[in-house]
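Data first, discussion second: the structure below is written as structure tokens.
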Amino acid sequence: STVSKDSLKTSLLQLECHFTWALLQEHVGLQALEETILDHIKFFTEYNIIDYNILSYVCHLKNSNEEALRNLKKAEEAIQKDHPSEIARRSLVTWGNYAWIYYHMQRYEEAQTYVSKVENSRKELSSAAHGKIQLPEIFSEQGWALLRFGRNYFERAKNCFENALKSEPDNPDFSTGYAIAMYRLQDCARKYGEKAEPCLEALKRAAELNPNNTTIMGLLALELQQLKQGHEAEKYIAEGLKKTPDFPVFLRHAANFYRKERKVNKAIEILQKALELTPNAVVLHHQLGLCYKSKAFQLKKGSYPPQKEVENLIQLAIFHFKIVLDKKPVFFSAYNDLANTYALGKRYEEAEEIFQQVLQRNDVPCDEKTYIYFSYGNFQHFHMKSESKAIKYYIEGLKILERDCYGRKKCSEAVETLLTQRIGSGLGDARDIGTLGLVHNLNGNKQEAIACYEKAIALDPNNEEYLNALAELQLSI
């Protein structure tokens, strides 16, 4: 009997698996994601099922469906080995992925077979559980997949782990996922000046349930450091280094800790060790780039900077940032880091080219783009010595977002300072005063804006732009 493609598609959309979790390819670098998962498989056998399942989805996104099937086979082997008494329950996501991949290969009979396996197993499981069944481990697996797809997904990941914890509040794995999601949300909120729930309690709870999990230990240390409890934080770092001296995820957190403590050499030493274990890890390359860049910057500030050494450090930073962008073109802050490193080495054309590359992309989140405009304004101001261009780009940054974020605040402070200095030193003309009016207006300070426009008009009475702006403002009050 031939399977009807339409009714098959309807059944496929009912499945709980990577293909129905709305994980969009444009939010990740596929190469970097695949390498991350392969590294994870090497160091975490207990997550093999979850890792092979998501790997099958990544292979599908890369158009290698045969390889996707091979990874699902490995997931099945892991299920047999780890959960021999609950095969059906543990296979629902794997079978769902099988069904979707066969569907995409136009092997509809096989796809239907897997759809039926899922539907029959669900029926049996829910008759045993009286009614519709919500399996916590499926919520958890969805949460882990969402975490892998980046900052657009952290809120959903947190909700998934919350749902999983409703059924099993003391499950160490769900509690780890929940704490990591909370940490990432708060980390993003700090970077972009948003509000987020504190994550400290979630991290402490996870650490209590997972005394040997050094990933959680590392994040707990970073959070304590952020809360100015560096002494307490360092104890966790030391303990983690004892427990798992060869575990790259922990080493990365430890290095991050030392870089923020301004112990850059120690950070570099730890990162190099981690990179030997996982040479493809994008995050490690990014962190190393930041370390070399900050060393070069510190040396340049001295009275007799050792020219050769500074150049060497700048080259190393550039080398690592380029690897990051090569493997993960959506790592937007790395463009900024690379451009600023070129500028540090007085390689202005290359810096300009990288700024243009990232500012012309239309997939950069607004808060990140705003910060890049701030950086580009600084580049024009301090490196290219063009105040007028700096003013222009700070204002571009202000126009992107109405709500306050870190980048917007920086653009606003920079442009106000610059204009106020020009006006105060007597260099300012009607244009500068009018521009300051625009800045006040964009920041919602209408009275200050009106005062500026009135001054500008006194100096340049027939300026249409200022007359119109003033009229509009007076109407809106």
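The values are calculated or read from the model by the stated rules, or taken from the named source; none is laboratory data. On a predicted model such as this, the values are computed, not experimentally measured, just so you know. When we count neighbours, we look across all protein chains shown, and the Cβ atoms used for this are built from the backbone with ideal geometry, even at glycine. Remember, those area values only see protein heavy atoms, side chains included, never the ligands or the DNA or RNA. Shrake-Rupley method; radii C 1.70, N 1.55, O 1.52, S 1.80 Å.
A few points about this structure:
- FRET efficiency estimate (nearest 0.05) - Cβ-Cβ, Q272 to K300, R0 22 angstrom: 0.45
- Helical contribution to [θ] at 222 nm, DSSP H n ≥ 4, -39,500 (n - 2.57), averaged over the chain, rounded to 500: -24500 deg cm²/dmol
- Region 158-174 - phi-based ³J(HN,Hα) in whole Hz, Karplus 6.51/-1.76/1.60, Gly and Pro as x: 4, 5, 4, 5, 4, 5, 5, 5, 4, 7, 9, x, 9, 5, x, 5, 5
- Residues in region 75-92 carry Karplus couplings, in order, of 4, 4, 4, 5, 5, 4, 6, 8, 9, x, 8, 10, 4, 4, 4, 7, 9, 4 Hz; the curve used is 6.51 cos²θ - 1.76 cosθ + 1.60 with θ = phi - 60°, and Gly or Pro positions show x.
- Taking 7 Å steps out from each Cα toward its Cβ at N280 and A128 produces label points 3.7 nm apart.
- Computed extension length for L13-D363: 123.3 nm, one decimal, from 0.36 nm per residue of separation with the Cα-Cα distance subtracted.
- The modelled label-to-label distance for the pair A430/N152, using points 7 Å beyond Cα in the direction of Cβ, is 4.7 nm.
- Counting only alpha carbon atoms, the long axis of helix 48-61 and the longest principal axis of the chain meet at about 60°.
- Pairwise label distance in nanometres, Q80 with Q474, each label 7 Å out on the Cα-Cβ vector: 8.4 nm
- For region 450-466, 3J(HN,Hα) per residue [Karplus equation, 6.51 cos²θ - 1.76 cosθ + 1.60, θ = phi - 60°, Hz, x = Gly/Pro]: 4, 4, 5, 4, 5, 5, 5, 5, 4, 7, 9, x, 9, 6, 4, 4, 6
- Loop exposure criterion: GluC sites (Glu not before Pro), DSSP state outside H, G, I, E and B, at most 15 other Cβ atoms within 10 Å. Applied to the chain, the longest stretch between such sites is 1-193.
- Computed over the chain: relative contact order in percent, which uses C-alpha pairs under 8 Å that are six or more apart: 8 percent
- Volume of the convex hull of the chain (Cα atoms only), normalised per residue: 200 Å³.
- N445-V330 FRET efficiency (beta carbon distance; Förster radius 35 Å; 0.05 resolution): 0.50
- Whole-number accessible area per residue in Å² for region 429-476, which is evaluated in the context of all protein chains at 1.4 Å: 55 Å²
- Approximate shape of region 5-132 as ellipsoid semi-axes (Cα gyration tensor, √5λ), whole Å, largest first: 23, 19, 12
- The listed peptides 293-304, 49-60, ordered by packing as a protection proxy, come out as 49-60, 293-304 (highest mean of other Cβ atoms within 10 Å first).
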